[in-house]
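> Here's a structure for you.
The values are calculated or read from the model by the stated rules, or taken from the named source; none is laboratory data. This one's a predicted model, so the numbers in the text were calculated from it and none came from an experiment. So basically every Cβ, Gly included, is an ideal-geometry build from the backbone, and we count neighbours across all protein chains shown.
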Amino acid sequence: MQQSKQPSEPPEASDTVSRRGLLRAATVSAAAVGTAGLFGASAASASGGSGHGGGRRRVPIDRISIQLYTLRDQLAADLPGTLAALRRFGYRRVEHAGFVGRTAAEFRAALDEAGLRATSGHTAIPQPFDADTWARALDDANTVGCRKLVHPWFGLDAAGQPIRDPQVYRALARDLNRAGRMAERAGLEFGYHNHQLEFVPLTGGGTGFGILTGETDPRLVHFELDLFWAWRGAQDPIDLIRANRGRIRQVHVKDMNTEASFADLGDGLIDFGRIFAHEREAGIEEYIVERDDAGTPPRTPADALETARVGFDYLASLRY
């Protein structure tokens, strides 16, 4: 079953959830850790192999992955060539965002030919939830060889505005538990990927993220924490890790520029070493490179491939 990833940069009701949110979080956190400790030295610090932190720990090479949404245009134009390029860059695993017009079996064959494994995939649960449809998605995940399946998107109502009704998030939490239970029976792990919308204040207080973490079963639902979107939602990822110990099994690693938009890893503001120092507390098993606008004009397909190469090299050289 072909699955398509939802748009990664959703429309927003206002920039209060993005740029001002980032600055608010930065102001609060910087008071505790210092601006340099929060965002790190820029960029080139990883190029010499030291990373922002300069410690002894490193990201295991075999746990570095990439979300294939980053390369969506290249994959559509040349699936085998793009996968082969990722293997040359050093990747051994990927996270799919659909099967690029192929069946699950055809997509698995292309991965095998390139020497890659799709250890994770973004596949939305049916809404309203339908067990038969979800069972077919789980079958496809097993065909491709995934170990984890992740619901990629939530947070806007029919009018394109952030959801503020807590009951909507509670209903989603129930569906995530159902999906996770079926995934467990199929031999898979199931997770949820955030954007910034889950951190919008709800009517009556609290956030959607708080409901999802509080009302899903930790045995059935883990979280794939998108570090960029957490900051855009005015959240320090370390605070989220501390509040959800052992449940952050995957992270989307993407950098942020001074305009609170996307940057290649190491070219932006985020100190990933500071976050990864909490990897054991979080339970991180995969470090997944992504850039949502890679290949989108004015960026070119070649830029997206460079994003992939830079991302792998950055994580492989990072020390913290």
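> Against the definition (in contact with a His (Cβ under 9 Å, 6 or more places away or on another chain) and of a type in the set (Asp, Glu)), how does Asp226 come out, yes or no?
In short, yes.
> Something else now. Can you pull out the residues in segment 75-133 that are within 22 Å of Tyr192 (Cβ to Cβ), hydrophobic (A, V, I, L, M, F, W, C) and surrounded by fewer than 22 Cβ atoms within 10 Å (Cβ to Cβ)?
Ala124, Phe129, Ala131
> For segment 86-101, which residues satisfy the criterion of being within 17 Å of Asp62 (Cα to Cα) and among the β-branched types (Val, Ile, Thr)?
Once the filter is applied, which keeps residues that are within 17 Å of Asp62 (Cα to Cα) and among the β-branched types (Val, Ile, Thr), segment 86-101 yields only Val94.
Here's the yes/no breakdown for (1) surrounded by fewer than 19 Cβ atoms within 10 Å (Cβ to Cβ); (2) part of a loop (DSSP other than H, G, I, E, B):
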site	(1), (2)
Ala234	no, yes
Ile241	no, no
His252	no, no
Glu259	yes, yes
Tyr287	no, no
Asp293	yes, yes
Pro298	yes, yes
Thr307	no, no
Phe312	no, no
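> I would also like to ask the following. Condition (residue is within 23 Å of the chain's Cα centre (by Cα), closer than 15 Å to Leu305 by Cβ and either modelled with pLDDT of 95 or more or in a loop (DSSP other than H, G, I, E, B) (or both)) applied to segment 92-99: is it met by at least one residue? Before you say what the answer is, go through the steps one by one.
Here is the first cut: in segment 92-99, the residues within 23 Å of the chain's Cα centre (by Cα) are 92-99.
Adding the requirement that they be closer than 15 Å to Leu305 by Cβ leaves 94.
So of that shortlist, the ones also either modelled with pLDDT of 95 or more or in a loop (DSSP other than H, G, I, E, B) (or both) come out as 94.
Yes; the residues of segment 92-99 include at least one that is within 23 Å of the chain's Cα centre (by Cα), closer than 15 Å to Leu305 by Cβ and either modelled with pLDDT of 95 or more or in a loop (DSSP other than H, G, I, E, B) (or both).
> Only one of (1) in contact (Cβ under 8 Å) with a residue 24 or more places away in the chain; (2) not in a loop (DSSP other than H, G, I, E, B) is not met by Ile125, so which one is it?
Condition (2) is where Ile125 drops out.
> Quick one: in segment 48-72, which of the residues that are part of a loop (DSSP other than H, G, I, E, B) and at pLDDT 95 or above is surrounded by the fewest Cβ atoms within 10 Å (Cβ to Cβ)? Please lay out each step first, then the result.
Let us first name the residues in segment 48-72 that are part of a loop (DSSP other than H, G, I, E, B), namely 48-57, 59-60.
In the following step, the residues that additionally are at pLDDT 95 or above were identified as 57, 59-60.
Numbers: Arg57: 15, Val59: 23, Pro60: 13.
Among those residues, the one meeting the criterion is Pro60.
> Residues in segment 264-279 that are outside any loop (DSSP other than H, G, I, E, B) and farther than 19 Å from Ser65 by Cβ: how many? Spell out the reasoning first.
Pass one, segment 264-279, residues outside any loop (DSSP other than H, G, I, E, B): 272-276, 279.
The next check asks that each one be farther than 19 Å from Ser65 by Cβ; those that pass are 274.
So the count comes out to 1.
> For segment 62-81, give me each residue that is over 14 Å from Arg117 (Cα atoms) and in contact (Cβ under 8 Å) with a residue 24 or more places away in the chain.
From segment 62-81, those over 14 Å from Arg117 (Cα atoms) are 69-79, 81; that's our starting set.
Tyr69, Thr70, Leu71, Arg72, Asp73, Gln74, Leu75, Ala76, Ala77, Leu79 - these are the residues of segment 62-81 that are over 14 Å from Arg117 (Cα atoms) and in contact (Cβ under 8 Å) with a residue 24 or more places away in the chain.
> Could you say which residue among Leu138, Leu116, Leu149 is under 14 Å from the mean Cα position of the chain (by Cα) and in contact (Cβ under 8 Å) with a residue 12 or more places away in the chain? First the steps, then the outcome.
Details: Leu138 fails: under 14 Å from the mean Cα position of the chain (by Cα); Leu116 fails: under 14 Å from the mean Cα position of the chain (by Cα).
Answer to the check: Leu149.
> Against the definition (over 19 Å from the mean Cα position of the chain (by Cα), surrounded by fewer than 21 Cβ atoms within 10 Å (Cβ to Cβ), closer than 30 Å to Arg92 by Cβ and of a type in the set (Gly, Ala, Ser)), how does Gly160 come out, yes or no?
On the way: over 19 Å from the mean Cα position of the chain (by Cα): yes; surrounded by fewer than 21 Cβ atoms within 10 Å (Cβ to Cβ): yes; closer than 30 Å to Arg92 by Cβ: no; of a type in the set (Gly, Ala, Ser): yes.
Considered against the rule, which asks whether it is over 19 Å from the mean Cα position of the chain (by Cα), surrounded by fewer than 21 Cβ atoms within 10 Å (Cβ to Cβ), closer than 30 Å to Arg92 by Cβ and of a type in the set (Gly, Ala, Ser), Gly160 comes out as no.
> Would segment 108-122 turn up any residue that is out of contact with any helix residue (DSSP H, G or I) (no Cβ under 9 Å at 6 or more places or on another chain) and either part of a loop (DSSP other than H, G, I, E, B) or farther than 25 Å from Asp226 by Cα (or both)?
Yes, that holds for at least one residue.
> Is there any pair with a first residue in segment 197-219 that is closer than 15 Å to Ala243 by Cα and a second that is among the acidic types (Asp, Glu) whose Cβ atoms are under 8 Å apart and which are 6 or more apart or on different chains, and what are they?
Here the result reads Thr207/Glu198; Gly208/Glu198; Phe209/Glu198; Leu212/Glu198, each pair linking segment 197-219 to a residue that is among the acidic types (Asp, Glu).
> Can Thr203 be described as in contact with a helix residue (DSSP H, G or I) (Cβ under 6 Å, 6 or more places away or on another chain), of a type in the set (Ser, Thr, Tyr) and surrounded by fewer than 22 Cβ atoms within 10 Å (Cβ to Cβ)? Don't jump to the end; show me each part of the working.
On the way: in contact with a helix residue (DSSP H, G or I) (Cβ under 6 Å, 6 or more places away or on another chain): no; of a type in the set (Ser, Thr, Tyr): yes; surrounded by fewer than 22 Cβ atoms within 10 Å (Cβ to Cβ): yes.
In short, no.
> Return the residues of segment 197-248 that are polar (S, T, N, Q) and closer than 23 Å to Gln161 by Cα; say none if nothing qualifies. Talk me through it step by step, then tell me what you get.
Going through segment 197-248, the residues polar (S, T, N, Q) turn out to be 203, 207, 213, 216, 235, 244.
Within segment 197-248, Thr203, Thr207, Thr213, Gln235 qualify.
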